[in-house]
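Here is the structure we will look at.
The values are calculated or read from the model by the stated rules, or taken from the named source; none is laboratory data. All figures in this text were calculated on a predicted structure; none of them were measured in a lab. Because the Cβ atoms are built from the backbone with ideal geometry, glycine has one as well, and the counts that use them run over all protein chains shown. These accessible areas exclude ligands, DNA and RNA; they are computed on the full protein's heavy atoms, side chains included. Shrake-Rupley method; radii C 1.70, N 1.55, O 1.52, S 1.80 Å.
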Amino acid sequence: YKGLERMHELDDTYGLSIREGSAVIAHTRFPTGSHPKAIRAHPFSFGNVGIVHNGDVTSYRANLAACEAMLAEIYSRYGRNGVEQFMANLRKSWVGNDSEVIAGMMYAMLKVGLVSEPGLSVPSIMNTLVPPFDNSLTRLLRGSDERARLDALALKYHGVALDGPVSSIAVITYEDDVHFLAFRDRNTFRPLQIVFDHESGVAYAASELRQIVA
């Protein structure tokens, strides 16, 4: 549900307050990097991935190229011809927002695995989007399974790692479950607050604590 109206107007239009779900994400401010339009409003979704984010993805061009390559691989795996036309249509659908490319990459990595394996697990996707620093990686034993796994991810999915000040919240429907993810860039340039209410069993995440308090 996208719009530039106030929350009570969106509620009147879509009946948001009477809907039920396991997880919800929302964004309550206009994008500041471009002229506000409803199509550019958060959240963004790609397949079974929905996402909102705060910040700027400075690796956007590399991320977009990597995402398009993975989506083309997905398309060709199903034995369909006309990948060129598929990519042309896909590019028309891109709004050009960095949140959108994050959702696209997450969707693609759920589908495309290493060599002939199935798609990546959610933890592996997080390791790929926000990989460990080199000095953290070198602390792992050379030849260990974990180091080999991270090296393989970095090699297979080069161009996917997020760069820039980014704080993201995503919801994925995956394997008959709902995954609620909150993550930020390796340098922690953008704030991210996570609160778990033990009484209700509800998890909250936001870029600003005042949003959770409200």
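For the list (1) more than 27 Å from Glu68 (Cβ to Cβ); (2) under 14 Å from the mean Cα position of the chain (by Cα), I need the number of the one condition that Ala214 fails.
Of the numbered conditions (1) more than 27 Å from Glu68 (Cβ to Cβ); (2) under 14 Å from the mean Cα position of the chain (by Cα), the odd one out for Ala214 is (2).
Go through the residues of the range 22-38 one by one and say whether even a single one is in a helix (DSSP H, G or I) and at pLDDT 80 or above.
Yes, there is a match, as at least one residue in the range 22-38 is in a helix (DSSP H, G or I) and at pLDDT 80 or above.
Look through the range 186-203, keep the residues that are of a type in the set (D, E, K, R) and open to solvent by 70 Å² or more (accessible area, probe 1.4 Å), and return whichever of them is farthest from the chain's Cα centre (by Cα). Before the answer, list the steps.
In the first step, residues of the range 186-203 are kept if they are of a type in the set (D, E, K, R); the result is 186, 190, 197, 199.
In the following step, the residues that additionally are open to solvent by 70 Å² or more (accessible area, probe 1.4 Å) were identified as 186, 199.
Details: Arg186: 15, Glu199: 29 Å.
Per the stated criteria, the residue is Glu199.
Among the residues of the range 116-134, is there at least one that is assigned to a strand (DSSP E or B) and either open to solvent by 30 Å² or more (accessible area, probe 1.4 Å) or out of contact with any Phe, Trp or Tyr (no Cβ under 7 Å at 6 or more places or on another chain) (or both)?
No, the range 116-134 contains no residue that is assigned to a strand (DSSP E or B) and either open to solvent by 30 Å² or more (accessible area, probe 1.4 Å) or out of contact with any Phe, Trp or Tyr (no Cβ under 7 Å at 6 or more places or on another chain) (or both).
Under the condition of being outside any helix (DSSP H, G or I) and not acidic (Asp, Glu), which residue from the range 147-164 is most open to solvent (accessible area, probe 1.4 Å)?
His158
Just to verify a result, which residue in the range 135-146, among those that are more than 23 Å from Lys111 (Cα to Cα) and outside any loop (DSSP other than H, G, I, E, B), is most open to solvent (accessible area, probe 1.4 Å)?
Keep residues of the range 135-146 that are more than 23 Å from Lys111 (Cα to Cα), which gives 135-144.
Right, trim to outside any loop (DSSP other than H, G, I, E, B) and you get 135-137.
Numbers: Asn135: 91, Ser136: 47, Leu137: 31 Å².
Residue satisfying both the conditions and the ranking: Asn135.
Would you call Asp11 open to solvent by 40 Å² or more (accessible area, probe 1.4 Å), over 24 Å from Pro165 (Cβ atoms) and in contact with a helix residue (DSSP H, G or I) (Cβ under 8 Å, 6 or more places away or on another chain)?
When the stated conditions are applied, Asp11 passes them.
Could you tell me which residue of the range 37-75 is most open to solvent (accessible area, probe 1.4 Å), considering only residues that are over 16 Å from Tyr157 (Cβ atoms) and small (Gly, Ala, Ser)?
Ser45
If I go through the range 166-203 residue by residue, how many of them are within 23 Å of Ser124 (Cα to Cα), part of a strand (DSSP E or B) and without any contact (Cβ under 8 Å) to a residue 24 or more places away in the chain?
Count: 5.
Any idea which of (1) open to solvent by less than 50 Å² (accessible area, probe 1.4 Å); (2) within 30 Å of Ala72 (Cα to Cα); (3) at pLDDT 90 or above is the one Ala206 doesn't satisfy?
(2)
Could you check Gln211 against (1) under 22 Å from Ser45 (Cβ atoms); (2) polar (S, T, N, Q); (3) surrounded by 14 or more Cβ atoms within 10 Å (Cβ to Cβ) and say which number it fails?
Single failed check for Gln211: (3).
Counting only residues that are at pLDDT 90 or above and not aliphatic (A, V, I, L, M), which one in the range 165-185 is surrounded by the most Cβ atoms within 10 Å (Cβ to Cβ)?
Ser168
Among the residues of the range 78-106 satisfying the criterion of being open to solvent by 50 Å² or more (accessible area, probe 1.4 Å) and in a helix (DSSP H, G or I), which is modelled with the highest pLDDT?
Ranking the candidates gives Arg91 first.
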